[in-house]
Amino acid sequence: MQEQIVENKKSIDWFTESRFGMFIHWGLYAAIGKSEWTMYGQKIPVKEYEKIAATFNPKRFNAKEWVSVAKEAGMKYIVITAKHHDGFAMFKSETEPFNIVDSTPFERDPLKELAEECAIQGLKLCFYYSHVIDWHHPHSIHEHCNNTWDYQLEEKSFYNYWNRLVKPQITELLTQYGPIGIIWFDTAGGLSKKDSEEIVQLVKKYQPDCLINSRVSHWPNFGDYQSKGDNEIPMYGEGTKAWETPMTLNKSWGYNEQDDNYKTTESIIRKMVTIFSKGGNLLLNVGPTSLGEIPIPSVEKLKEIGAWMNENGEAVYGTKESPFPYEFDWGAITVKGKKVYLHIQNNKWSTGSIRINGFKSKVKKVYLLSEPHLNVPFEQNSVEFVGLYNLHLNLQNEPPSEFISVVVVELEGELQIDSTFIEQSGMIKLDLGHSIIEKEHDHNVAKWKVKIAEKGKYEIRLITYKKAGTNWADEFNQDMILRFGNKTKNVLPKEDKIVTDSDNCQYPYSEVQSHLGTFDIETIGLFSLELGSNRIKEKAKGPEIWQAEAVKIRTIQIIKTN
Ligand code: FHN
């Protein structure tokens, strides 16, 4: 399959250049208004659930409006649920009458209308298809989540479902709606490699340029790019192929009338630029109502995001990830040719300056993206014998954009940086993904090398992401072994600080910071840092099932305290 990924290079380009798409979770469940898992959660019998179709009449659905909302937000593609886990097809299906045209008073095919409108407005249309979970069909089999209130598991025959529903419906989707950007598969627990390959071949047979996400299963053998876990922003060092984070605007995918837990626009934009700076795409979700409207708070958020994208799109579309293998506390970096874009959080402008260590390229000029005539004063200096190169910017004016303001650093030549870990203004984050993991006795040790440019006291913190409802003491009940330079400490991490809205982390996870120790650094140079624990796992070879982990170790943060 490696060959196939290379063959698809051309079609993956539109995806990586686009960076930003709209996810739409829309189905019969919108009429219940409690999100898309209600049928399963309440064990609603198929016969009862089917009755909802008779009342489903999304009269206010307007494809032109939906596509315009996406386009004005700066989104370049739309992924809509053609069939979610409830088995209801949101398109005219000859294969199965449980579909929006044949079993509702609405009688229209919204996917056809969206396909026409996307073609007019220049967005790629993509279809989500739940290929393994289907609570309506008597023969679908998933490893965990089946309809066992209507059907007996032992009476199911998977290929009855696979051959008579899944394959024909995917064929319909690929042959009746013009070119499709992605078939977005989901929750494939239990699907065999053979079946997974078969569905990949089916998609490629009808539309060779159509991309397939990793949740088709058996990634990296199959799938053109990786879907990260829901609401998961990966750490550095977790895979280099194209990837995408599916993210909710509030806490739900399908329409949930009680969920007004919207993220702030600032928080979304911070997460967005973090994703872009790591080379990923953001697929941001809306859950329209049963009348066919995108909820007003979602539209308002998307308008604000659109205003930001409109001003700063140059620093997003077609850019590459930051070459620095770690996060900065002031914001994030994207790169295009000889331009380096610094996405600086507005609350950092008041500090008056930003210093980037490890910046080797000669800088030609620095200016504000939104006001290119306004130059930003800068200095470059280096201490070559210790390999320190820094770029210092003076942020004299007020931030020019709302939320995050972009500064363009234009280079004389190609971008060159020192890619070792170097503390940045007294701080650096070392992600587990970039450590070398070695086995010692009964546990693993994660190892990094880090360059310290200033003498002083340094605090070491552990950053983990904890799932809501997890009891910390159950997860961490043994000391970790921390080695920094030639000093060693045994420490049991505690929940010292909880951050509910960090740039990388969101519901159902929150960031936990644990103080591990403080060390005196008396000479500048390269230090080794090691963390040993039975909680450090070998690096995942395939996709991680993000949702399954109660606590995920992410990062060691080093902070200069004086
Ligand atoms: O179970 C689904 C869920 O309803 C939703 O569609 C998300 C979107 O990524 N995918 C599954 C859970 O990972």
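The values are calculated or read from the model by the stated rules, or taken from the named source; none is laboratory data. Note that the structure is a prediction, hence the values are computed from the model and not measured. Cβ coordinates were reconstructed from backbone atoms using ideal geometry, including for glycine residues, and neighbour counts include every protein chain displayed. Heads up: the accessible areas ignore ligands, DNA and RNA and are worked out on the full protein's heavy atoms, side chains in. Shrake-Rupley method; radii C 1.70, N 1.55, O 1.52, S 1.80 Å.
When each of I305, I275 is tested for being outside any strand (DSSP E or B) and within 16 Å of the ligand (Cβ to nearest atom), the lone residue that passes is I275. When restricted to residues that are more than 14 Å from the ligand (Cβ to nearest atom) and at negative phi, the range 234-255 contains 7. Scanning the range 251-262 for residues that are open to solvent by 20 Å² or more (accessible area, probe 1.4 Å), part of a loop (DSSP other than H, G, I, E, B) and of a type outside the set (S, T, Y) returns K251, W253, E257, Q258, D260, N261. Pick from the range 155-205 the residues that are part of a helix (DSSP H, G or I) and touching a Lys or Arg at 6+ places or on another chain (Cβ under 7 Å): which of them is least open to solvent (accessible area, probe 1.4 Å)? The residue in question is Q169. For first residues located in the range 313-324 and open to solvent by less than 30 Å² (accessible area, probe 1.4 Å), partners that are in a strand (DSSP E or B) and polar (S, T, N, Q) and lie 6+ apart or on another chain with Cβ distances below 7 Å form the pairs A315/T334; V316/T334; T319/T334; S322/T334. Check the range 230-245 and report whether any residue there is closer than 23 Å to K71 by Cβ and in a strand (DSSP E or B). Yes, there is a match, as at least one residue in the range 230-245 is closer than 23 Å to K71 by Cβ and in a strand (DSSP E or B). Only helices (runs of 4 or more DSSP H) whose full extent lies in the range 10-92 are considered here, and the ones with at least 2 residues that are within 16 Å of the ligand (Cβ to nearest atom) and in contact (Cβ under 8 Å) with a residue 40 or more places away in the chain are 38-41. Is it the case that Y161 is modelled with pLDDT of 95 or more and either aliphatic (A, V, I, L, M) or over 14 Å from K124 (Cα atoms) (or both)? So Y161 fits the description; yes. The listed residues are E65, E36, E50, and the only one of them that is open to solvent by 10 Å² or more (accessible area, probe 1.4 Å), in contact with a helix residue (DSSP H, G or I) (Cβ under 7 Å, 6 or more places away or on another chain) and among the acidic types (D, E) turns out to be E36. Tallying residues that are open to solvent by 10 Å² or more (accessible area, probe 1.4 Å) and without any contact (Cβ under 8 Å) to a residue 40 or more places away in the chain within the range 93-107 yields 4. If you go through the range 97-131 and keep only what is closer than 26 Å to E48 by Cβ, out of contact with any His (no Cβ under 8 Å at 6 or more places or on another chain) and in a loop (DSSP other than H, G, I, E, B), you end up with P97, I100, V101, D102, S103, T104, P105, F106, E107, R108, D109, H131.
Given (1) of a type in the set (A, V, I, L, M); (2) outside the structural domain of K241 (by TED's automatic domain parsing); (3) surrounded by fewer than 22 Cβ atoms within 10 Å (Cβ to Cβ), where does V340 come up short, assuming only one miss? That leaves (3) as the condition not met. Being assigned to a strand (DSSP E or B) and closer than 30 Å to K303 by Cα, is that true of even one residue in the range 476-496? Checking the range 476-496: not a single residue is assigned to a strand (DSSP E or B) and closer than 30 Å to K303 by Cα. Looking at S382, is it at pLDDT below 95 and either surrounded by fewer than 19 Cβ atoms within 10 Å (Cβ to Cβ) or not in a loop (DSSP other than H, G, I, E, B) (or both)? Taking the combined requirement at face value, the residue satisfies it.
For the range 435-482, name all the residues that are open to solvent by 70 Å² or more (accessible area, probe 1.4 Å) and within 21 Å of V512 (Cα to Cα). Matches in the range 435-482: G469, N471, D474, N477, Q478, D479. Note on the range 215-226: residues that are within 16 Å of the ligand (Cβ to nearest atom) and open to solvent by less than 10 Å² (accessible area, probe 1.4 Å) total 3.
Pairing each residue of the range 223-234 that is over 13 Å from K552 (Cα atoms) with any residue that is within 14 Å of the ligand (Cβ to nearest atom) and among the aliphatic types (A, V, I, L, M), provided the two are 6+ apart or on different chains, yields C-beta distances under 9 Å for G223/V216; D224/I182; Y225/I182; S227/L283; D230/M247; N231/M247. Within the range 163-215, can you find the residues that are over 26 Å from the mean Cα position of the chain (by Cα), aliphatic (A, V, I, L, M) and closer than 15 Å to S140 by Cα? Across the range 163-215, the qualifying residues are L165, V166. Apart from one condition, D186 fits all of (1) of a type outside the set (G, A, S); (2) away from the ligand (no atom under 16 Å from the Cβ); (3) touching a residue at least 40 places away in the same chain (Cβ under 8 Å); (4) closer than 30 Å to A70 by Cβ; the exception is (2).
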